[in-house]
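A.B. asks: Sharing a structure with you now.
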Amino acid sequence: MKELIIEGKNGKSRILTGECIENLENYFPGKNVIFITDENVKRLYPGVFENKPVIVTGTGEKIKTLDTVSMIYEKLLEARADRSFFIVGVGGGIVCDIAGFAASTYMRGLRFGLVPTTLLAQADAGIGGKNGVNFMGYKNLVGLFSQPGVIICANGFLRTLPGKEVLCGMGELVKYAVLSGEKMFTFLRDNYEKLLNLEDEAVDHIVMESLLIKSEIVNRDERESGERMKLNLGHTTAHAIEKIDSTISHGEAVAAGLKMAAIISYQQGKTGIDTCQKIFDLVDRLGIKDISGLSASSIKDAMLHDKKRDGDFINYVMISDIGNTEIVRTGIGTLHRWIDSAIPLLNKNRIE
Ligand SMILES: NC(=O)c1ccc[n+]([C@@H]2O[C@H](COP(=O)([O-])OP(=O)(O)OC[C@H]3O[C@@H](n4cnc5c(N)ncnc54)[C@H](O)[C@@H]3O)[C@@H](O)[C@H]2O)c1
């Protein structure tokens, strides 16, 4: 088991990886603990919730709404939860985001912890202190920054994860590998079969690498005023794609967003063709579904309310090299022109 600490202005998070499911209850003793999970995780892991108060949500992005948060507030009221209570979100990124948001806003904030149960949530969504819900189709439009007290990653959960969800996590892992550098990128490329088979050692290693790079960035810039924007690599396009087609998973959209960032960075002279090719090769090697048939106009429309937008400007993350990215503040019109030139190549899954 390994431990990592994030010291944020909004509190300290203790992160544990390589823990066992059986040990979870040692971390959340006492009667004032309420679990939040989704119906899949509740069904697959009944033992985790045995004899414990639990609030169960539905599944999918469609339930990541204020209605679900409202249902959670009602259940907390029914349970007479007050500020002495501790909330534990057990589930994928959706449960982590909703549980964090509900806990941080109910009575102006209860203490909470997270037990991420998908690869994506362990490597990414569970940490960093961002939480929230979708609103009118816009991803994560409503939310806040608030650090969970503890985050526990147990790889026992990943054994039941459907292949599609494993690939979803891989999309974010490629992003972290591009941000981190050659060491993590090469590990991901050389060990992708072990990772796809969820071999403990390889998964523990890559989850920790991903948490290290994310926590380094978050520690330096918790509220996304500068360097943390780098974590949005690939996400400007990814969020637009998810808005256009809800059947596309977050990981698939992120993988397409990374290819888009690679093409734009190459076309705008920020990176060489080799770096671009490496990113395409890794995404394709992992077997993440290719997205084609995208229209530049629908991407541009869907980006209209991007949270990262600053008036007529947006901070777009360009790739200079593996391990070297740059936040470029650009006019929306310019970004639109970049998208126009990049989309035909993305649709053909080619660099030039
Ligand atoms: N807060 C952040 O920093 C951050 C970062 C990245 C992504 N996110 C958010 O995370 C969400 C995506 O997370 P996700 O990919 O984990 O999706 P998810 O939460 O929808 O989980 C995917 C599916 O797997 C099921 N599941 C969960 N654990 C399981 C297990 N152990 N075995 C079998 N099935 C299991 C869930 O019920 C769900 O059907 C998005 O809403 C995204 O915006 C947040």
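The values are calculated or read from the model by the stated rules, or taken from the named source; none is laboratory data. Computed from a predicted structure; not experimentally measured. Here the Cβ is made from the backbone with ideal geometry for all residues, glycine too, and neighbour counts use every protein chain on show.
Here's the yes/no breakdown for (1) part of a helix (DSSP H, G or I); (2) at pLDDT 95 or above; (3) charged (D, E, K, R):
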site	(1), (2), (3)
Gly30	no, no, no
Ile34	no, yes, no
Thr59	no, yes, no
Thr68	yes, yes, no
Tyr73	yes, yes, no
Leu77	yes, yes, no
Ala81	no, yes, no
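A.B. asks: Shifting gears a bit: I need the full set of residues from segment 37-59 which are touching a helix residue (DSSP H, G or I) at 6+ places or on another chain (Cβ under 8 Å), surrounded by 17 or more Cβ atoms within 10 Å (Cβ to Cβ) and either under 12 Å from Thr117 (Cβ atoms) or not hydrophobic (A, V, I, L, M, F, W, C) (or both), in order please.
C.D. replies: Thr37, Asp38, Val41, Lys42, Tyr45, Val48, Thr57
A.B. asks: Does Gly181 satisfy being surrounded by fewer than 24 Cβ atoms within 10 Å (Cβ to Cβ) and closer than 30 Å to His305 by Cα?
C.D. replies: Numbers: surrounded by fewer than 24 Cβ atoms within 10 Å (Cβ to Cβ): yes; closer than 30 Å to His305 by Cα: no.
Criteria not met by Gly181.
A.B. asks: Then there's this: Which pairs do you get when a residue that is free of Cβ contacts under 8 Å to residues at least 12 places away in the same chain and over 24 Å from Ser180 (Cα atoms), found in segment 114-140, comes within reach of a residue that is part of a loop (DSSP other than H, G, I, E, B) and more than 6 Å from the ligand (Cβ to nearest atom), reach meaning Cβ atoms under 9 angstrom, with the pair 6+ apart or on two chains?
C.D. replies: What qualifies is Met136/His305.
A.B. asks: OK, next. Can you tell me which residue in segment 1-17 is farthest from the chain's Cα centre (by Cα), limited to those that are within 16 Å of the ligand (Cβ to nearest atom) and not in a loop (DSSP other than H, G, I, E, B)? Explain how you work it out, then say what you get.
C.D. replies: Filtering segment 1-17 for residues within 16 Å of the ligand (Cβ to nearest atom) gives 4, 6, 8, 10-11, 13, 15, 17.
Those still in the list that are not in a loop (DSSP other than H, G, I, E, B) too: 4, 6, 8, 11, 13, 15, 17.
Working: Leu4: 18, Ile6: 17, Gly8: 18, Gly11: 20, Ser13: 17, Ile15: 16, Thr17: 17 Å.
Taking the candidates together, the pick is Gly11.
A.B. asks: Across segment 111-166, which residue is surrounded by the fewest Cβ atoms within 10 Å (Cβ to Cβ) among those that are within 8 Å of the ligand (Cβ to nearest atom) and polar (S, T, N, Q)?
C.D. replies: Looking at residues that are within 8 Å of the ligand (Cβ to nearest atom) and polar (S, T, N, Q), I get Thr160.
A.B. asks: If you go through segment 74-87 one residue at a time, do you hit one that is within 14 Å of the ligand (Cβ to nearest atom) and either under 22 Å from the mean Cα position of the chain (by Cα) or under 18 Å from Glu25 (Cβ atoms) (or both)?
C.D. replies: Checked against the condition, which is being within 14 Å of the ligand (Cβ to nearest atom) and either under 22 Å from the mean Cα position of the chain (by Cα) or under 18 Å from Glu25 (Cβ atoms) (or both), segment 74-87 yields no hits at all.
A.B. asks: Only one residue in Leu144, Leu120 is within 22 Å of Ile6 (Cα to Cα), in contact with a His (Cβ under 8 Å, 6 or more places away or on another chain) and not assigned by TED's automatic domain parsing to the domain that holds Glu209. Which one?
C.D. replies: Result: Leu120 is the single residue among Leu144, Leu120 that is within 22 Å of Ile6 (Cα to Cα), in contact with a His (Cβ under 8 Å, 6 or more places away or on another chain) and not assigned by TED's automatic domain parsing to the domain that holds Glu209.
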